[in-house]
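Here's the structure, in structure tokens; my notes come after.
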Amino acid sequence: MTRLLLAALLVAAPALAQDAAPLPSFSLTRFTLNDAPLGGLTAATGDVLPRQRLRAWGALHYEYNPLVLFRDGQRQGALVQHRLNLHVGVGYGITSWLTATVEAPLVLTQGGDDLSAIARVTSPDRAGFSSPRLALRVGLLSQRRGGLLADAPVDLALQLGTALPFGVGNALAVESGWNVFPQLSAGRDVGPVRLGGEVLGLVRPSAVTLSSAAAVRDQVGSQLGLRALVSSTGPGLRLEASFHTFVPLGAGATPAGFELLGGARLALGPLELFLVAGPGFGSLPGTPTVRVLGGLGLRPDVEDPCAPGRAHSAEQCPALDDDGDGVANQADGCPLVAEDADGFEDADGCPDLDDNADGLADTVDRCPRKKGPRENKGCPSMKVTEQDTDRDGLVDSKDDCPAEAGPRDNRGCPLADRDGDGTSDRDDACPDEPGSPDERGCPPKDKDGDGVADAFDNCPAVKGPASNQGCPEKERQLVIITSERLVIKEKVFFATAKATILARSFPLLNNVARVLREHPEIPLVRIEGHTDSVGNREANVSLSQRRANSVKDYLIHQGVDGTRLQARGYGPDRPSDTNATDAGRSNNRRVEFLIRAPGVGAEPVD
């Protein structure tokens, strides 16, 4: 229970004979909401708002016994017993590493005991406008995009804030002079939770709250604070718990205080409901016996419909390339259908049956870039059509190496293989060291000695049986590494007709993320989204792309380098089973993880 220790005040009889005096002006409330999206509601964890993203909130804030009067250990009464505040604030990402915040608190109503006969002080006003709060936060390090230094092991941010020294009334909500609130916060994602906290200071003039002519016992001045937080991550419902403490740095005998708070936040489309509550302990003014805060906020990640994984139309996001064919939506005549993958498409973004307009479909036209008669199979002359010197299936007119056989996707040239192990350099993780095709061209290695080669060991530094992919049996594995893909033992589940990943799939995707972090030699994973054939094809292609984007974003959130991930949605175009049965359609609704070499093939890296 918050105390004002008044021994010095109450021992002097002359002082008691004086008329009641007003309390000095100072701000009783030290609580503020965190204004960045990844941390908790009650504590920052080193993150900042994304560039040009807005977060806004409004909340009602109740405090019970934030200012209580004691004499010789005995409670005399509460100067402020019940207090209801309103917090309205907005944060904005100026750049990817700089966030600005403005908050306007307001004391709606408060009340307590009349202690003028005991303490010779008048009660504070029942309501008043509080000191507005301004803050700038600089992201120094970031685990993902944003911050002055990205791909760091932790998020780290420095914030400088101030509460402007003006307001209306004396409701113990206005700072008595200029002040600064420096703050250093850090955080890191650990599996499905986020850990972090902050160290902060309150540098402001001292204000004697209650005293006598003989001595000063109680002051509200500069303080040093510490906040620690653990919160869940992911979409939907998020929970958190935090510890808060402040230690006075000025003179006098004002003791410390601390609080234990729990919170929850629930996403509802572009909005977020939140609630924070918990008890307070100690005797620091402003530490209530109970604190409860709840409100509504605007989520920064859905302010932009073009954010990854968000539903949008091609018209809303003209700069995106929703079908992944290399043509932006604004210039794509078919923004949800990719152009031909044969390299001969035009610039309209639509698949063309006859690119050279010679009356012969490209599927049978031997020279789709040159116009020619039907009798020459679309080529200007029969000689060009028939000649294939190296007999690699690519005619000389399209073959960059007409005298040497090579695959079509390498324009007819042979693939380099410096170490001569049968694995081409583009697919060889060890191009200068002979190895096995099953090891992606590298010699088998088993640094933990468990009999599972490192390339296929989910835990290459820890021993485990092959039946659990080389990991200890207590760590159940849901992912199998092969030379071509990451095979998942469970499905990735989404909300019906949405790209929202359900919580039941978090352990599976956390396992995928860990495997990719443990295997940096895997250069690129293409995340493929697939649907069944029920419904409109274009809507299914769009849904599968958004779902693939959601999985990619989740893996990045778990520490996977985004340049190693490619998201593609194929809708119903690549079924793995029949669409004539419920079981077959269920199998077709899937996400797959294919291992690819960057820069090779018809599909560009995201």
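The values are calculated or read from the model by the stated rules, or taken from the named source; none is laboratory data. Bear in mind that the values here come from a model prediction, so they are computed numbers and not experimental data. Reconstructed Cβ throughout: ideal geometry from the backbone, glycine too, with neighbour counts over all protein chains shown. The accessibility values were calculated without ligands, DNA or RNA, using every heavy atom of the protein model including side chains. Shrake-Rupley method; radii C 1.70, N 1.55, O 1.52, S 1.80 Å.
Details
- When the residues 565, 140, 237 are ordered by accessible surface, computed with a 1.4 Å probe over the protein chains alone, the sequence from largest down reads 237, 140, 565.
- Long-range amide H partners of residue 170 with built H, under 5 Å: 125
- Backbone phi angles across the range 412-423, fed through the Karplus curve with coefficients 6.51, -1.76 and 1.60 (θ = phi - 60°), yield HN-Hα couplings of x, 9, x, 7, 5, 8, 4, 8, x, 9, x, 10 Hz in residue order; Gly and Pro are listed as x.
- Spatial separation of Cα centroids for the range 43-66 and the range 410-470, in angstrom: 48 Å
- Pairs over the 32 Å Cα-Cα cut-off, from the set 447/474; 447/489; 474/552; 398/552; 370/552: 398/552; 370/552.
- Placing +1 on the Cβ of every Lys and Arg and -1 on the Cβ of every Asp and Glu, with nothing else charged, gives the range 44-134 a dipole about its Cα centre of roughly 240 debye.
- In terms of overall dimensions, the C-alpha atoms belonging to the range 478-518 reach 32, 17, 14 Å along their principal axes, ordered largest to smallest.
- Spatially, the range 472-523 and the range 97-142 are offset by 46 Å when compared through their Cα centroids.
- Report note on the peptides 41-51, 520-530: ranked by the mean count of other C-beta atoms within 10 Å, highest first, their order is 41-51, 520-530.
- Rel. contact order, % - alpha carbon contacts under 8 angstrom, at least six apart, the range 457-596: 26 percent
- Under the Debye formula (equal points on every Cα, no solvent term), log10 I(q)/I(0) of the range 80-140 at q = 0.12, 0.14 Å⁻¹: -0.48, -0.57
- Histogram of C-alpha separations across the range 40-133, 5 Å bin width, %: 3, 12, 16, 17, 13, 11, 9, 8, 6, 4, 2, 0
- The mean sequence distance of close C-alpha pairs (under 8 Å, at least 6 residues apart), as a share of the length of the range 519-604, puts its relative contact order at 45 percent.
- Segment residue 409-residue 256, extension gain: residue separation times 0.36 nm, minus the distance between their alpha carbons: 48.1 nm
- Carbon and sulfur %, accessible surface of the range 372-484 computed with the full protein complex present, 1.4 Å: 51 percent
- The range 476-550: relative contact order as a whole-number percent, Cα under 8 Å and 6+ apart: 29 percent
- In Å, descending, principal axis extents of the Cα set of the range 525-570: 35, 15, 12
- Charging the Cβ of each Asp and Glu at -1 and of each Lys and Arg at +1, and nothing else, the dipole of the range 446-563 about its Cα centre rounds to 560 debye.
- Solvent exposure of the range 418-477 as accessible area per residue, Å², 1.4 Å probe: 52 Å²
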